Structure formats: C-alpha cells, structure tokens
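Have a look at the structure below, then the notes.
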Amino acid sequence: MPGGKLTRRQALKATGALAGAAVAGRWGRLVDIPYVYAQATGTPPLRIGFQVHRTGIGAVYGKWYERTAAAAVRTINGMGGIGGRPVELIAEDDGTDPKRGTEVVEKLAQQHKVEFIFGTLFSHVVLAAAPRAGELKIPYLVVSEGYHVASGTLNRYTFQPGITD
C-alpha cells in the first residue's frame, strides 16, 4: 500500500475474500462469538467499516448481513487474515436512514480510520451516503440491487460487487 492508502484493487480483493468466506461460513449463533485474530505478526489489522441496518426498515436484512460478515471475519482470521493481517470489523448502525447513513460513512472514515466501507442495501441510503464516500475518497462497497451504481450515476469510489443478495 503506497503511502498507507488502500488501492481499489486491494479493496476488491478483500471484498472478494469476505464474500468467499461468508459463503463458506457456518450457520448458527454467529454474532455473539468474539472475533478471533490471526497469529500475531506485528502488522496492524485491516480495519473494515461495516455500515449495517440494525434499526429502521432494513433491520431484518441487517441482522443477517451482520451475522454473515462476522462469520466471514472469523473464517478469514482463522486462516491467517488477509495478506497476513488480521481483519477487524467496525460496525455502525445507519438506521436505514439516508442522513444517518452519510454520518456513518463519515464516522467510519474519519473517526475509526477504516480502509474501506461496505454494507448498505437500501438504495435511498446508498444514494445519500455514496457522495460523502467520494468526497472522503474511501472505497464504498454496496449490496444494493439498484441500477444507480452500474449506470454511473455515483462516483469512482462506489462499487457494487453484485446486484443480488
């Protein structure tokens, strides 16, 4: 990472690893189990921001996205992390609210110093928060099924790894 910045390619690789680990993860009580970090290597953890719908109209989706993400992190860390770095997931509730979604993106980027942000499903939150991610120049990966990312109406820092759950 030249200059301590996460490249778009690195962010996409990490997202792919998270998605793969999520598919390979086990079902059950996943959120209550503490995260396990990879072997101590002296390298700082890869801090990933997770914009999750814990409350509001998206809470039902958010519950399962959070469980899946936690399982993926445990699996990845159990295999040594990403590039030898343990993964640390920093989750913040956006309330499925556009205004709060923008605040969460800012908080994850500036206060928690994450390397990229993923999460939000509901399009109205994506459309409000993505411009702030672009201003902060932080990769923002959304799982929204809307066409707005693919159509180019957002910015170069917003990615949509797939358009289905």
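Odds and ends about this structure:
- Remark: GLU88 falls outside the filter, which requires a residue to be more than 17 Å from ILE48 (Cα to Cα) and open to solvent by 30 Å² or more (accessible area, probe 1.4 Å).
- Any hit, the range 138-155, residues being without any contact (Cβ under 8 Å) to a residue 60 or more places away in the chain, under 13 Å from the mean Cα position of the chain (by Cα) and surrounded by fewer than 22 Cβ atoms within 10 Å (Cβ to Cβ): yes
- Which listed residue, of ALA133, ALA109, is farther than 13 Å from VAL52 by Cβ, crowded, with 20+ Cβ neighbours inside 10 Å and in contact with a Leu (Cβ under 6 Å, 6 or more places away or on another chain): ALA109
- Filtering THR158, THR96, THR120, THR68 for residues that are open to solvent by 20 Å² or more (accessible area, probe 1.4 Å) and among the β-branched types (Val, Ile, Thr) leaves a single hit, THR68.
- Within the range 46-65, considering residues that are in contact (Cβ under 8 Å) with a residue 60 or more places away in the chain and among the small types (Gly, Ala, Ser), the one surrounded by the most Cβ atoms within 10 Å (Cβ to Cβ): GLY49
- Answer from GLY101, GLY78 - the residue that is open to solvent by 20 Å² or more (accessible area, probe 1.4 Å) and small (Gly, Ala, Ser): GLY78
- Residue list for the range 112-130, filter: within 19 Å of ILE48 (Cβ to Cβ) and in contact with a helix residue (DSSP H, G or I) (Cβ under 9 Å, 6 or more places away or on another chain): VAL114, GLU115, PHE116, ILE117, PHE118, GLY119, THR120, LEU121, VAL125, VAL126, ALA129, ALA130
- Selection status of THR43, surrounded by fewer than 18 Cβ atoms within 10 Å (Cβ to Cβ), of a type in the set (S, T, N, Q) and at pLDDT 95 or above: no
The values are calculated or read from the model by the stated rules, or taken from the named source; none is laboratory data. Please read all numbers here as calculations on a predicted model, not as lab measurements. Using ideal geometry, Cβ is built from the backbone for each residue, glycine included, and neighbour counts are taken over all protein chains shown. Surface accessibility is based on the protein's heavy atoms, side chains included, excluding ligands, DNA and RNA. Shrake-Rupley method; radii C 1.70, N 1.55, O 1.52, S 1.80 Å.
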